[in-house]
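J.: Right, I'll just put the structure down here and ask away after.
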Amino acid sequence: MSEKQFEGKFEFLEHTADVYVRACGVSMQEAFENAALAMFETITKTGNVSHEVEEVINVEAEDYYALLYSWLEVLLVNSEIKGVLYSKFHIVDWVETADSFRFTAHVWGEKFQSGKHVQKVAVKAVTYHRMAVMRENERRVVLEFILDI
């Protein structure tokens, strides 16, 4: 994917040492999907990652911040443990209650192949530092977060 294909989905902001991401969407679900895409675009060219493997992931947390952190963290851990890169994300069954936020996501990707997948930057961790979850209006959600590289 070229940078134009990511326009409106996410952008990389200025940061001295790590990767600072702003992901957007018309819904919280779409913004979370674009946050995951941005994280994997940091790691590799997601346009080269086919959708051979499908996984279902369940995430639950007490607020939007913890939900975003848990979502990105589980994807990062699964990628490391399974040796899989992800490039497509679809969140379903989004539920918000007084006590928790949760969703189920379908994610697609394939096993890492050194000849096919460009290695950009290794993401060590997701952080809460400068994390923001904003509803700019009824048609735009913005998430900001830093990836420790």
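J.: Sort out which residues of region 128-149 are more than 12 Å from Met39 (Cα to Cα) and surrounded by 12 or more Cβ atoms within 10 Å (Cβ to Cβ), and write them in order of number.
T.: Filtering region 128-149 for residues more than 12 Å from Met39 (Cα to Cα) gives 128-143.
Correct list: Arg130, Met131, Ala132, Val133, Met134, Arg135, Arg140, Val141, Val142, Leu143.
J.: State whether one or more residues within region 28-47 are among the β-branched types (Val, Ile, Thr), surrounded by 14 or more Cβ atoms within 10 Å (Cβ to Cβ), out of contact with any Asp or Glu (no Cβ under 6 Å at 6 or more places or on another chain) and under 30 Å from Thr97 (Cα atoms). Don't jump to the end; show me each part of the working.
T.: Going through region 28-47, the residues among the β-branched types (Val, Ile, Thr) turn out to be 42-44, 46.
Those left that are additionally surrounded by 14 or more Cβ atoms within 10 Å (Cβ to Cβ): 42-44, 46.
Adding the requirement that they be out of contact with any Asp or Glu (no Cβ under 6 Å at 6 or more places or on another chain) leaves 42-44, 46.
Those still in the list that are under 30 Å from Thr97 (Cα atoms) too: none.
Checked against the condition, which is being among the β-branched types (Val, Ile, Thr), surrounded by 14 or more Cβ atoms within 10 Å (Cβ to Cβ), out of contact with any Asp or Glu (no Cβ under 6 Å at 6 or more places or on another chain) and under 30 Å from Thr97 (Cα atoms), region 28-47 yields no hits at all.
J.: Do we find that Ala31 is in contact with a Lys or Arg (Cβ under 9 Å, 6 or more places away or on another chain), in contact (Cβ under 8 Å) with a residue 12 or more places away in the chain and among the small types (Gly, Ala, Ser) in this structure? Talk me through it step by step, then tell me what you get.
T.: Numbers: in contact with a Lys or Arg (Cβ under 9 Å, 6 or more places away or on another chain): yes; in contact (Cβ under 8 Å) with a residue 12 or more places away in the chain: yes; among the small types (Gly, Ala, Ser): yes.
So Ala31 fits the description; yes.
J.: Whether any residue in region 108-120 is more than 23 Å from Ile57 (Cα to Cα) and touching a Lys or Arg at 6+ places or on another chain (Cβ under 6 Å) is what I want to check.
T.: yes
J.: State yes or no: is Ile81 touching a residue at least 12 places away in the same chain (Cβ under 8 Å) and either of a type in the set (A, V, I, L, M, F, W, C) or more than 25 Å from Gly8 (Cα to Cα) (or both)?
T.: Details: touching a residue at least 12 places away in the same chain (Cβ under 8 Å): no; either of a type in the set (A, V, I, L, M, F, W, C) or more than 25 Å from Gly8 (Cα to Cα) (or both): yes.
No, not satisfied.
J.: Also, quick follow-up: Looking at Val142, is it touching a strand residue (DSSP E or B) at 6+ places or on another chain (Cβ under 9 Å), of a type in the set (A, V, I, L, M, F, W, C) and either without any contact (Cβ under 8 Å) to a residue 12 or more places away in the chain or not in a strand (DSSP E or B) (or both)?
T.: So Val142 fails the test.
J.: Restricting to region 92-129, what's the tally of residues that are closer than 20 Å to Thr42 by Cα, hydroxyl-bearing (Ser, Thr, Tyr) and not in a loop (DSSP other than H, G, I, E, B)?
T.: Kept after step one, since they are closer than 20 Å to Thr42 by Cα, are these residues of region 92-129: 107-129.
Imposing the further condition that a residue be hydroxyl-bearing (Ser, Thr, Tyr) reduces the set to 114, 127-128.
Add one more test, that the residue is not in a loop (DSSP other than H, G, I, E, B), and what stays is 127-128.
Selection size over region 92-129: 2.
J.: Being surrounded by 15 or more Cβ atoms within 10 Å (Cβ to Cβ) and in contact with a Gly (Cβ under 6 Å, 6 or more places away or on another chain) is the requirement here; does Phe103 meet it? Write out each step before concluding.
T.: Details: surrounded by 15 or more Cβ atoms within 10 Å (Cβ to Cβ): yes; in contact with a Gly (Cβ under 6 Å, 6 or more places away or on another chain): no.
So Phe103 does not fit the description; no.
J.: Here's a check for you: in region 78-100, which residue that is surrounded by 12 or more Cβ atoms within 10 Å (Cβ to Cβ) and of a type in the set (Val, Ile, Thr) is nearest to Glu30 (Cα to Cα)?
T.: It comes out as Ile91.
J.: Of Val133, Val126, which residue is farther than 22 Å from Val26 by Cα, in contact with a strand residue (DSSP E or B) (Cβ under 8 Å, 6 or more places away or on another chain) and either of a type in the set (A, V, I, L, M, F, W, C) or modelled with pLDDT under 95 (or both)?
T.: Details: Val133 fails: farther than 22 Å from Val26 by Cα.
Answer to the selection: Val126.
J.: Okay, next question. Could you list all residues from region 45-72 that are within 13 Å of the chain's Cα centre (by Cα) and either more than 28 Å from Glu138 (Cβ to Cβ) or of a type in the set (S, T, N, Q) (or both)?
T.: If the condition is that a residue be within 13 Å of the chain's Cα centre (by Cα) and either more than 28 Å from Glu138 (Cβ to Cβ) or of a type in the set (S, T, N, Q) (or both), then Thr46, Ser70 are the ones that fit.
J.: Taking only region 49-68 into account, find how many residues are surrounded by fewer than 19 Cβ atoms within 10 Å (Cβ to Cβ) and either among the aromatic types (Phe, Trp, Tyr) or closer than 17 Å to Asp99 by Cα (or both). If you could, list the steps in order and put the result at the bottom.
T.: Filtering region 49-68 down to residues surrounded by fewer than 19 Cβ atoms within 10 Å (Cβ to Cβ) leaves 50-58, 60-63, 65-66.
Keeping just the survivors that are either among the aromatic types (Phe, Trp, Tyr) or closer than 17 Å to Asp99 by Cα (or both) gives 58, 60-63, 65-66.
Counting residues in region 49-68 that are surrounded by fewer than 19 Cβ atoms within 10 Å (Cβ to Cβ) and either among the aromatic types (Phe, Trp, Tyr) or closer than 17 Å to Asp99 by Cα (or both) gives 7.
The values are calculated or read from the model by the stated rules, or taken from the named source; none is laboratory data. Values in this document were obtained by computation on a predicted structure and should not be read as measured data. We place every Cβ from the backbone using ideal geometry, glycine too, and count neighbours over all the protein chains shown.
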